[in-house]
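Every read-out reported here was derived from the displayed coordinates using simple, explicitly stated rules and does not represent laboratory data. All figures in this text were calculated on a predicted structure; none of them were measured in a lab. Backbone-built Cβ (ideal geometry, glycine too); neighbour counts: all protein chains shown.
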Amino acid sequence: MKTTNHLWLELGITVCLACFVIDPVTSQTSNDLKNLVDTLFASYSPKVRPVVNQQNPLQLDVSFYVSSVNEVNEVDEKMVTTGYLELSWTDELLKWTPADYNNTDTIFVPQNDIWKPDLVLKNGFKKFEELGGKFYYLSIVHVGSVIWLPFDVFETRCSMDITKFPFDTQSCDIKFITWSHTVDQIEISKSTNGIQFYNYEENGVWKTNQNLKSILRSNYSGSLCIT
């Protein structure tokens, strides 16, 4: 008889996190938007952490949206997950008054045009790689609020106990860390939306326990653990 494994996954991130509908730009003319972008980026550098007082840490909000658990390999101790992170922060160097630009309150720019946190997958199988890609855009609201939604297939290491196979339960973490910055420079302050299941497709072999999930952040390092 064919047996089916049931995996109860607790999703957690350690900074030890289809189609998106976003409000359109409200600029009345392309010149309004061009003037705004030219003004904002005239002296802007993506190499500078975007806080006016460099003694203050930048507050980073991280949430995780899971679309599917593609694979759980007990031999290689590997889990493959598809999903995206929602990263939000305030860029104090990218603020403007909407009334000066025909009420333009939101713009979209390529992710490499502005500063962004150097968040990488800590317990991955592959080498460290930048989240997202050069074709990804970020949204910026006039008060400096930035939202970045990097989507990826995450291959992570997961220590497994198979003594109760094929009726075993496993708990796996997806760990992220800010590689270059310390907690004094980037503080993962909260996770507004926690872990969500976005258009989730259940795995045919493993069952995910959506009630056992958590995000843990470290107070001593720029890290986050999604369980």
Item to check | Computed over the stretch 39-175, Kirkwood Rh from alpha-carbon pairs, angstrom | outcome: 17.4 Å
Next on the checklist: Can you tally the net charge around residue 56? Count Lys and Arg as +1, Asp and Glu as -1, for every other residue whose Cβ sits under 11 Å from the Cβ of residue 56.
Outcome noted: -2
Next on the checklist: Let me check I've understood the local charge: for residue 134, count other residues with C-beta under 14 angstrom from its C-beta, Lys and Arg +1, Asp and Glu -1. What total comes out?
Outcome noted: -2
Next on the checklist: What whole-number distance in Å separates the alpha-carbon centres of the stretch 55-78 and the stretch 87-133?
Outcome noted: 19 Å
Next on the checklist: Let me check I've understood the local charge: for residue 93, count other residues with C-beta under 14 angstrom from its C-beta, Lys and Arg +1, Asp and Glu -1. What total comes out?
Outcome noted: +1
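Expected output is a single nm value to one decimal: the length gained when fully extending between residue 43 and residue 137, i.e. 0.36 nm times separation in residues minus the C-alpha distance. What is it?
In short, 31.8 nm is gained.
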